[in-house]
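Please read the structure below before turning to the comments.
The values are calculated or read from the model by the stated rules, or taken from the named source; none is laboratory data. This structure is a prediction, so every number in the text was calculated from the model and none was measured. Here Cβ is always computed from backbone atoms with ideal geometry, including for glycine, and neighbour counts include all displayed protein chains. With ligands, DNA and RNA removed, areas are computed over all heavy atoms of the protein, side chains included. Shrake-Rupley method; radii C 1.70, N 1.55, O 1.52, S 1.80 Å.
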Amino acid sequence: MAVPLLETRDLTMHFGGVRAVHNVNFTLAEGELRCLIGPNGAGKSTFFKMLTGQLEPSHGRVLFRGRDISHAHAHEIARLGIGIKTQVPNVFDGLSVRENIWLAASRIHSVRHANGVVDEMLARIGLIPAADRLVGQLAHGQRQWVELGIVLSTDPVLILLDEPAAGMTHEEVQKTAELVREINRTKALIVVEHDMQFIRMIAKQVTVFNQGRVLVEDAVEDILRNPLVRDIYLGKQAAA
Amino acid sequence: MNDRALNVIGLALVGVVGAAFLILTPRFAELDAVLELTVFMIMAILALSLALVWGYGGILCFGQSAFFGLGAYTYAIAMFNIGESTGPLLLAIGLPAAFAALLGYFMFYGRISDVYLGVITLTVTLILFNSVNSTAGPEFHIGVARLGGFNGIPGIPPLNIPGNKAAPVDLEGMFYLATASLLATYFGLRWLLASRFGRIIVGIRENERRAELLGYDPRVYKLATFTVGGALAGFAGCLFANWGAFVSPTIFGLAQSAQIIIWVIVGGRGTLIGPIVGCIGIQWLTTALGANQPSGSDWMTNLMANAPFILGIILVAFVLLVPRGLVPTLGDIGHWLLRLRARPAAPSLKPKQAEEG
């Protein structure tokens, strides 16, 4: 069997007595698009932080193409080809949109080449008119796009998206779903999202987190029919 | 594009004013004024070192005086031992840089947070102050150079033309050297900040986590910035030891380290010209206030002669009223005025574009 792109073995994160993530075994194939769902506090963001080196796991391992990255630094993991768009847009607020993208592009391109890459990316995320504005002055939705542009500009192998559709209008959600599918043609993705419509638009395989553990992993239609998932997640919404 | 044009105009302006100042001052000013301007230039280099480290690198260094003092002492001690100034000059840059690299290594690789960084750097300079201050006895010497403790080291030989011990730099030459060095430092830093390295350190200042997630190691960049800052401060220290032919432990003291921070706050963080303006302005004011002799009964004159008091008021006023500093605030006002003048004309011609612009 081929080596998976990403694999976690008994991955665990304890904060004091709280088990945020507990014995998670997760496998992602090359080029796969996976959705992660689960109620608030299920451990999805903590899981992402361990994958990107922002948190060091209490136990267990993270393997990227067979290489153990559980204790690697965030910048080393980024250089291996994992990019992340965090839940709250994590951008350079005090700098222009162009400079934001340039900082990302210049990590892999020479200074001269980077400028061309920046122009392409600005066109792709539709922010050419806003290129010279400070990112901190943009609307939430636009800052999300800036962060997506930043992540794409480093040309990663695997992209983690933490709630990419949060706070977006219906059209923006559709545009984002389209972009996610387009990205998936060349890259693997893990997407955390609450918006079930969005999940339906993009997902094939879905992993459900609950209380720090993997509850179930299945094709999207089966997940949406699964009574257990309804109970912990959808049921709660329906009841509310 | 407009910003780029302004940028070029700014650079040219600094170049022209700087060159004119360099050439004309010794011809028209009295020698004592030239002497005073020389020390302003030297201190402005020191201000630039913190402008880089704090203003652009985001590293809160409260002890920039440590590197300044080390540069001055290194030059003095090496000069007495070697006699020819090329080696001592290089040592006065290299040793503070090495010390900054060592200190920075432990701070940045130890992941020490901002506030503690300030505390540690301040503590380091105060430790140096106390250590050097208590070396008054004849047993404290390096080679033939006595450290002198609180008395300091007097009679430091001046720099000479490289390789020629018999050709020392005179007072006027010192002015040329200090001013040219300041201009070189300014343009050098402008170049550095426009380079890939400079843009990345500003990115790290803006959002260290994001820079890390893009694959940049913030520790390396901060260490490099801090080391360059240490080298520059050391160089300024070397010039300072030359200027007065004297160095004493107060160079490491609280007053000195606080002053550097005040220059940068008043002039404006995130600019280079700001700290130069802040440094020269505050020093000029300090000298002017110091000239007021307190004359007994008149409370106003007494007050005006109290330089630390007046400077304190200025600092508080700036922190409260002009928190971004002089130059960025003036820049904002300038931009605002430009837009105000541009606005009435534009809508009648092309209303749509004016809105976008």
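Residue by residue, here is whether (1) without any contact (Cβ under 8 Å) to a residue 12 or more places away in the chain; (2) open to solvent by 50 Å² or more (accessible area, probe 1.4 Å); (3) farther than 20 Å from A:L28 by Cα; (4) touching an Asp or Glu at 6+ places or on another chain (Cβ under 9 Å) holds:
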residue: A:V180; (1), (2), (3), (4): no, no, no, no
residue: A:R185; (1), (2), (3), (4): yes, yes, no, no
residue: A:K204; (1), (2), (3), (4): no, yes, no, yes
residue: A:E221; (1), (2), (3), (4): yes, yes, no, no
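Within the range B:83-115, can you find the residues that are surrounded by fewer than 14 Cβ atoms within 10 Å (Cβ to Cβ) and of a type in the set (S, T, Y)?
Across the range B:83-115, the qualifying residues are B:Y109, B:S113.
Looking at the range A:49-97 only, could you name the residues that are more than 11 Å from chain B (Cβ to nearest Cβ) and crowded, with 17+ Cβ neighbours inside 10 Å?
Matches in the range A:49-97: A:M50, A:L51, A:L55, A:P57, A:G60, A:V62, A:L63, A:F64, A:I69, A:S70, A:A72, A:V97.
Tell me, please, whether a residue that is under 17 Å from B:L60 (Cβ atoms) and among the hydroxyl-bearing types (S, T, Y) can be found in the range B:123-142.
The answer is yes, given that some residue of the range B:123-142 is under 17 Å from B:L60 (Cβ atoms) and among the hydroxyl-bearing types (S, T, Y).
Applying the selection to the range A:81-101, what residues are more than 16 Å from the chain's Cα centre (by Cα) and either hydrophobic (A, V, I, L, M, F, W, C) or closer than 25 Å to A:E56 by Cβ (or both)?
Matches in the range A:81-101: A:F92, A:L95, A:V97, A:I101.
Considering B:V220, B:V202, which residue is within 14 Å of chain A (Cβ to nearest Cβ), free of Cβ contacts under 8 Å to residues at least 24 places away in the same chain and of a type in the set (V, I, T)?
It is B:V220.
Could you please find all residues in the range A:103-117 being within 10 Å of chain B (Cβ to nearest Cβ), open to solvent by 10 Å² or more (accessible area, probe 1.4 Å) and within 20 Å of A:R143 (Cα to Cα)?
Listed by number, the list is empty, since nothing qualifies.
Is it the case that some residue within the range B:254-277 is modelled with pLDDT of 95 or more, part of a loop (DSSP other than H, G, I, E, B), closer than 26 Å to A:V146 by Cα and within 14 Å of another protein chain (Cβ to nearest Cβ)?
Looking for residues that are modelled with pLDDT of 95 or more, part of a loop (DSSP other than H, G, I, E, B), closer than 26 Å to A:V146 by Cα and within 14 Å of another protein chain (Cβ to nearest Cβ), one finds none in the range B:254-277, hence no.
Go through the range A:178-211 and give me each residue that's at pLDDT below 90 and of a type in the set (G, A, S).
If the condition is that a residue be at pLDDT below 90 and of a type in the set (G, A, S), then A:A203 is the only one that fits.
Going by the conditions given, is A:I125 in contact with a Phe, Trp or Tyr (Cβ under 7 Å, 6 or more places away or on another chain), open to solvent by less than 10 Å² (accessible area, probe 1.4 Å) and away from every other protein chain (no Cβ under 14 Å)?
Taking the combined requirement at face value, the residue satisfies it.
With respect to the numbered conditions (1) farther than 18 Å from B:T179 by Cα; (2) touching a Pro at 6+ places or on another chain (Cβ under 6 Å); (3) open to solvent by 10 Å² or more (accessible area, probe 1.4 Å), which one is the sole condition not fulfilled by B:N242?
B:N242 satisfies all of (1) farther than 18 Å from B:T179 by Cα; (2) touching a Pro at 6+ places or on another chain (Cβ under 6 Å); (3) open to solvent by 10 Å² or more (accessible area, probe 1.4 Å) except (1).
Within the set of pairs 6 or more residues apart or between chains, which connect a residue that is outside the structural domain of A:L51 (by TED's automatic domain parsing) and farther than 15 Å from A:G53 by Cα inside the range A:80-104 to a residue that is part of a loop (DSSP other than H, G, I, E, B) and of a type in the set (S, T, Y) with Cβ atoms less than 9 Å apart?
Listed pairs, sorted by first residue: A:L103/B:Y216; A:A104/A:T154.
Which condition breaks for A:D195 when tested against (1) out of contact with any His (no Cβ under 8 Å at 6 or more places or on another chain); (2) open to solvent by 60 Å² or more (accessible area, probe 1.4 Å)?
(2)
Answer yes if at least one residue in the range B:289-299 is closer than 30 Å to B:L192 by Cα and either at pLDDT 90 or above or among the small types (G, A, S) (or both), and no otherwise.
No, the range B:289-299 contains no residue that is closer than 30 Å to B:L192 by Cα and either at pLDDT 90 or above or among the small types (G, A, S) (or both).
Could you pull out the residue among A:N25, A:N100 that is polar (S, T, N, Q) and within 14 Å of chain B (Cβ to nearest Cβ)?
A:N100
Which residue pairs have Cβ atoms closer than 8 Å, lie 6 or more positions apart in sequence or on different chains, and pair a first residue in the range A:149-165 that is more than 10 Å from A:I84 (Cβ to Cβ) and more than 11 Å from chain B (Cβ to nearest Cβ) with a second residue that is among the polar types (S, T, N, Q) and surrounded by fewer than 22 Cβ atoms within 10 Å (Cβ to Cβ)?
A:E163/A:Q87
From the list B:R196, B:R210, pick out the single residue that is under 30 Å from A:P89 (Cα atoms), within 14 Å of another protein chain (Cβ to nearest Cβ) and open to solvent by 50 Å² or more (accessible area, probe 1.4 Å).
Answer to the selection: B:R196.
Yes/no per residue for (1) open to solvent by 20 Å² or more (accessible area, probe 1.4 Å); (2) outside any helix (DSSP H, G or I); (3) closer than 18 Å to B:L128 by Cβ:
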site: B:M43; (1), (2), (3): no, no, no
site: B:L46; (1), (2), (3): no, no, yes
site: B:A51; (1), (2), (3): no, no, no
site: B:W54; (1), (2), (3): yes, no, no
site: B:I59; (1), (2), (3): no, yes, no
site: B:F67; (1), (2), (3): no, no, yes
site: B:L70; (1), (2), (3): yes, no, yes
site: B:Y73; (1), (2), (3): no, no, yes
site: B:N81; (1), (2), (3): yes, no, no
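Which one of the conditions (1) open to solvent by less than 70 Å² (accessible area, probe 1.4 Å); (2) in contact (Cβ under 8 Å) with a residue 40 or more places away in the chain does B:A29 fail to meet, given that it meets all the rest?
That leaves (2) as the condition not met.
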